[in-house]
Amino acid sequence: MLLVTITVDTVDYHIAPDSYQGDFFYYPFITSMPMLEIGPQGSGGLIGVRLGNIQLTRDSSNPDHPFGVDRFNKLISEPNQYNCKIIWSKTKEVLHDGTIALANVSDQTLDFTLTDPVYEQDLKRYSITEKWFFVEDVIAPTGGGPINVKVSGHEFVVGMRVVFAEMTGPGSELNYTKTDDNWFIVGTVANEFIGIFTQDFTPLTAGVTLGTPVFDNGSADGIPKNRIGIPAYVPFCHGSVFHKTPVIRRSTQEVANPNLIATNPSFPLEVYEDGVLIGTNDPSSPEAYTKAPTSEVIYLNSPMADGKLSICGRALTGGTINELFRHFSGLLGLGFDDSKA
């Protein structure tokens with residue numbers, strides 16, 4: 001049996017697919033686990049964990065649940081990454097020591113993405129994940145309430161953070177940008193209508209183009225338009241990056257760019273799936289991108305499968321400590337003198 005320890009607010013919560021009594025009691029809060037890989041792993045282990053999703057029951061009133069009582073409210077209103085260990089019950093070997101991040105919420109389950117060890121959040125930005133829905137209307141506020149968006153079949157709840165992407169007309173001012181870090185809060189939910197609040201829990205009442213977006217599922221270019229979804233932190237990369245994870249999937253043909261040079265073929269920006277090249281800006285490669293990547297998004301030529309993604313390239317901030325400090329001093333509006341370095 002696989003055992004899981006999730007750390008929330010410095011407290012370890014021990015859970016499993018079924019009740020298990022070992023060094024600790026493991027509560028049966030897990031409904032789905034990531035895939036195991038049998039065979040040589042890393043430095044020679046026989047069992048490894050393929051990165052994927054881990055699904056927990058939604059049990060907000062249970063104090064023994066990692067995300068029960070007040071921790072559930074914090075999970076929804078302040079998305080974060082939580083340390084997570086996956087342990088093989090027979091040998092007590094730690095198969096994976098990394099983090100999880102909330103990807104989706106339903107009325108019965110909580111879905112988390114399993115990622116490699118946590119990165120410092122101050123260097124990160126948000127990106128939409130593949131857990132998104134189409135925006136069908138952007139509606140004017142009434143009675144002092146917020147601007148509403150119509151989203152059929154959504155699974156959002158009050159207090160959840162959301163971001164917008166590829167809004168092409170109505171709502172275009174809502175599109176997430178890393179410079180503005182403009183995420184929003186679900187302030188009200190009335191069936192398929194979602195009231196949008198700002199980061200300080202204030203109703204958003206102006207400054208947004210209203211109307212009905214033109215439906216576009218990406219049939220022409222593989223990029224769905226007019227999306228609202230759950231945000232995830234994108235790692236901040238510096239230096240030369242080789243098969244780095246995690247890679248954030250935005251749609252079947254989009255992944256988030258973690259601060260890598262997008263357009264210089266001298267430093268190829270490459271995406272791999274299960275070790276196979278599926279995208280590069282090397283013009284001589286058959287996998288060369290037909291739509292140029294940006295500093296935020298990499299557009300693949302064809303839909304991905306469900307394999308593990310990794311990314312290679314060179315950071316926008318260069319490859320040396322000198323270049324990194326120069327980058328940070330520029331962000332802070334400071335001068336940089338390396339004459340005594």
The lone exception for GLY318 - which of (1) touching a Gly at 6+ places or on another chain (Cβ under 9 Å); (2) closer than 27 Å to LEU174 by Cα; (3) modelled with pLDDT under 90 it fails: (2)
Residue ranges of strands (runs of 3 or more DSSP E) in the stretch 204-254 with at least 1 members surrounded by 21 or more Cβ atoms within 10 Å (Cβ to Cβ) and at pLDDT 95 or above: 227-234
Yes/no for PRO258 being assigned to a loop (DSSP other than H, G, I, E, B) and assigned by TED's automatic domain parsing to the domain that holds VAL271: yes
Residue that is surrounded by the fewest Cβ atoms within 10 Å (Cβ to Cβ) [pool: residues in the stretch 268-311 that are of a type in the set (A, V, I, L, M), part of a strand (DSSP E or B) and over 18 Å from the mean Cα position of the chain (by Cα)]: VAL276
Residue match in the stretch 123-134 (condition: under 21 Å from the mean Cα position of the chain (by Cα), over 25 Å from LEU75 (Cβ atoms), assigned to a loop (DSSP other than H, G, I, E, B) and in contact (Cβ under 8 Å) with a residue 40 or more places away in the chain): no
Among the candidates LYS90, LYS74, residue that is assigned to a loop (DSSP other than H, G, I, E, B) and surrounded by fewer than 16 Cβ atoms within 10 Å (Cβ to Cβ): LYS90
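The values are calculated or read from the model by the stated rules, or taken from the named source; none is laboratory data. These numbers come from a predicted model, not from an experiment. Note that we place each Cβ from the backbone using ideal geometry, even for glycine, and neighbour counts take in every protein chain shown.
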